[in-house]
Every structure is written in structure tokens, then in C-alpha cells.
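Q: Let me begin by handing over the structure; questions about it come next.
The values are calculated or read from the model by the stated rules, or taken from the named source; none is laboratory data. Keep in mind it's a predicted model, so treat the numbers as computed, not measured. All Cβ positions, even for glycine, are placed from backbone atoms using ideal geometry, and neighbour counts span all protein chains on display. Ligands, DNA and RNA are stripped out before the accessible areas are found, and what is left, the full protein with its side chains, is counted by its heavy atoms. Shrake-Rupley method; radii C 1.70, N 1.55, O 1.52, S 1.80 Å.
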Amino acid sequence: MPGRKRPKADLAGLVERIRFQKTILLDFARVAAEAKNLRQLLSIACEQMARATGVNHAKVLRYRSESADLQMVAGKGFAPGAIEHAIIAIDMASAPGRSYQTRGTVRVGNLPENPEFRYDPVLKEHGIVSILQAPIAIGNVVW
């Protein structure tokens, strides 16, 4: 409703959240400047994103044209063998695949119960039942 004032408690919480996110952004900028390669930078981004949102798992997927799939190239909260080895299909029944194809955010609250999406093995192995998948577009490249 236009002109409606937020209660002071809401504003205080919002200000505190903005300060927290600003701290994370500054931490990311400081540490990212020291990254020696793209993989390290992406790993740092996963760590900071998970910290900012309060989630246990975060990942970056790279499209592989030679096999038409998505490969996990960085992550936080995944078993050591998952990064670089986890492959996710790019079809519309895959939440990450749909996000990549549509260039839009895909949110699924309960993967095991949602008939529209396949429960990808790597997500199942790590107990991930909810997913928010957002593409990162840089020029013509989408991660």
C-alpha cells in the first residue's frame, strides 16, 4: 500500500540485513581480488552466497556444449567428489536445466514431490529437497 509506514522493528531488521549483506559483499570483493583463477573465484562466490542466504549448499554449473549438459565447477556443502564430477541434465525436467534454457530463475519447494521436475541424483545424494536456481549471464555466456 503506497504511503504505508513500516513499523520500527521491521526497519531495524531491514537495516541490519542490509549491513550484513554489505559486509558479505565487501568480504567477497576483498577475497576475490586474491583469487588465482576462475575456479577459485567461483568457489569463493559459492561460499559467500551461501553465507548471505543462510543455505547449506550452493553451486555453479557450466554448460558443456560437447555433451549438452551442466557440470558442477564450484560448490559449497557438496562432497569432495561432487565438484567437477557432478553432471546435471539440461532438459526442462531438470530445475537447473530449465533455468539454463529459459534464462530465468527456477524455484522448487519440494523436488521429491514435484512431478514437473526430476530429482537429480547429486541433489538427492546431498539431501537437497528445495532448490532456487538462477542463471548468471555474462555477455553471451550463461553459468
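Q: Taking θ as phi - 60°, what are the ³J(HN,Hα) couplings along segment 126-136 by the Karplus curve (6.51, -1.76, 1.60), each to the nearest whole Hz, with x for Gly and Pro?
A: Per residue, the Karplus-derived 3J(HN,Hα) values read 9, x, 7, 10, 10, 9, 10, 10, 10, x, 10 Hz.
Q: Which semi-axis lengths, in whole Å and largest first, follow from the square roots of five times the eigenvalues of the Cα gyration tensor of the chain? Working shown, then result.
A: Values: eigenvalues 165, 90, 45 Å².
After scaling each eigenvalue by five and taking roots: 29, 21, 15 Å.
Q: Still on this structure, please answer the following. Looking at segment 13-48, which trypsin sites (Lys or Arg not before Pro) are in a loop (DSSP not H, G, I, E or B) and have at most 10 other Cβ atoms within 10 Å?
A: Values: sites: ARG17, ARG19, LYS22, ARG30, LYS36, ARG39; in loops: LYS36.
Qualifying residues, ordered by number: LYS36.
Q: Let me ask another. Taking the alpha-carbon centroid of each part, what is the distance from segment 123-143 to segment 64-92 in angstrom?
A: Their Cα centres are 10 Å away from one another.
Q: Can I ask one more? Most fluctuating residue of GLY75, GLY109, GLY97 in a GNM of the chain with Cα springs under 10 Å: which is it?
A: Judging by the Gaussian network model, the answer is GLY109.
Q: Roughly how many percent of the accessible protein surface of segment 1-133 is carbon and sulfur, given a 1.4 Å probe and a whole-percent answer? Intermediate results must be reported in sequence, preceding the final value.
A: On the way: 4800 of 8570 Å².
Exposed carbon and sulfur together represent 56 percent of the surface.
Q: Check every DSSP H run in the chain and write down those whose alpha carbon atoms cover 24 angstrom or more along the long axis and whose mean Kyte-Doolittle hydropathy is 0.0 or greater.
A: 8-32
Q: How many Lys pairs in the chain lie less than 26 angstrom apart by Cα atoms, where the lysines are 8 or more positions apart or on different chains?
A: So the count works out to 10.
Q: Looking at the chain, which longest stretch skips every one of the GluC sites (Glu not before Pro) that is in a DSSP loop with at most 15 other Cβ atoms within 10 Å, leaving the sites themselves out?
A: Details: sites that count: GLU34, GLU66, GLU84, GLU116.
Of all site-free stretches, the longest is 1-33.
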